[in-house]
Amino acid sequence: MKLTRRNFVKLAGIAGLVGLSGNFAACSGNLASKGSGVAEADKLPPNEKSKVYFTKTIDAEHLIAIYNKVNSDITGRVGIKVHTGEPNGPNILPREWVQALQAQIPNSAIIETNTLYGGARSTTERHRKTIKTNGWTFCPVDILDEEGDVDFPVKNGFHLSEVAMGSHLTNYDSLLVLTHFKGHAMGGYGGSLKNIAIGCASGKVGKLQIHLKNWVLGDELMERMADSGKAICDHFGRKITYINVLNRLSVDCDCTGTGAAAPEMPDLGILASTDIVAVDKASVDMIYKFPDDGKNDLITRIESRGGLRQISAMIEHQMGTPNYEIISID
């Protein structure tokens, strides 16, 4: 099958059918073990809880304030990993918010990679036109795989021993993972893990290592994403931090572009942590605990793709802890 965005969306529908045929546990306080959808947080040995900062107010001022809670180890040249989106996508993070934050981070640039499927971001030339169309013109935007890729090792990976990242990623000392948290056609949801695991992998090599030519789905896709994310987390060590913005909570990713479904639940706020497991689990938990049926389609999207395996796979990779405390900055 030719790797086009249309076929990507078609395969996403297949992923939904495959996922819906399985059994899924309800997301209570526990995350299921491999294959069932959620982890077993309560069965893990007790340990110190990771701090996850929260604000219910989503604007530039609070984005900067929450970043300042988690930026103590961010030094040197800083890559800001943002999903810059397909042309004119309706749910992309507002550029003025990102601009205000980026202005507070010395020696920083937005970083992106080209896509595996064809379309407006599949080559560097097309991608730069899309970046301009979407208003990412206020600071440098570094397309990491513009000059090829470099292999990052994966220690004890589920499926991968290395992943090809955009070669420019090695030029950065620190990484800020700034994520529009939302649904995703194949991953169920796109959080901090997806933003780095797919978002930093080179378009034609690394992304193919994760997706494979047959567009692997379900648990294996989530585990390959965790392998890729682990490679990046191990590379940057303490010099990586995560912000999830829970606004415009569509069931679709920003890679869907103008065809993305309108959100059915309200904006929830911003979460930030130095722990990738904690911040993604806190984001998922916030959706599940929301007291309104508007969450149902997004939860169905997450579970139909087996998306919660992302979290349990990261736990097994010891990338962080699912045990967290929410600290409001409001």
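What follows is calculated from the coordinates using simple rules that are stated; it is not laboratory data. Since the structure is predicted, the reported quantities are computational estimates derived from the model, not experimental observations. Heads up, the Cβs are rebuilt from the backbone with ideal geometry, glycines too, and the neighbour counts pull from every protein chain shown.
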(request) For the chain, give the share of DSSP beta bridges that are antiparallel, in percent and rounded to the nearest 5; count only bridges with both residues there. (result) 45
(message) Between segment 146-167 and segment 197-242, how far is it from one alpha carbon centroid to the other, in angstrom?
(response) 8
(request) Work out the FRET efficiency for Asp73 and Thr133 from their Cβ-Cβ distance, taking R0 = 41 Å, and round it to the nearest 0.05. (result) 0.75
(request) Work out how much length Glu96 to Thr124 would gain on full extension: take 0.36 nm times their residue separation and subtract the Cα-Cα distance, in nm to one decimal. (result) 7.7 nm
(request) Treat each spin label as a single point 7 Å out from the Cα along the C-beta direction, and report the Tyr288 to Asp151 distance in nm. (result) 3.8
(request) Using the structure shown, list the pairs from Lys81/Lys204; Lys69/Lys204; Lys129/Lys204; Lys51/Lys239; Lys194/Lys239 with a Cα-Cα distance above 26 Å, or answer none. (result) Lys69/Lys204
(request) Pop a pseudo-label 7 angstrom from the Cα along the beta-carbon direction at both Ser161 and Asn88 and give the gap in nm to one decimal. (result) 4.8
(message) Just want to confirm a number: the relative contact order over the chain, from Cα pairs under 8 angstrom separated by 6+ residues, in percent.
(response) 27
(request) Would you mind checking which residues have amide H under 5 Å from Glu162's amide H? H placed 1.01 Å from N; only 5 or more apart, or other chain. (result) Val154
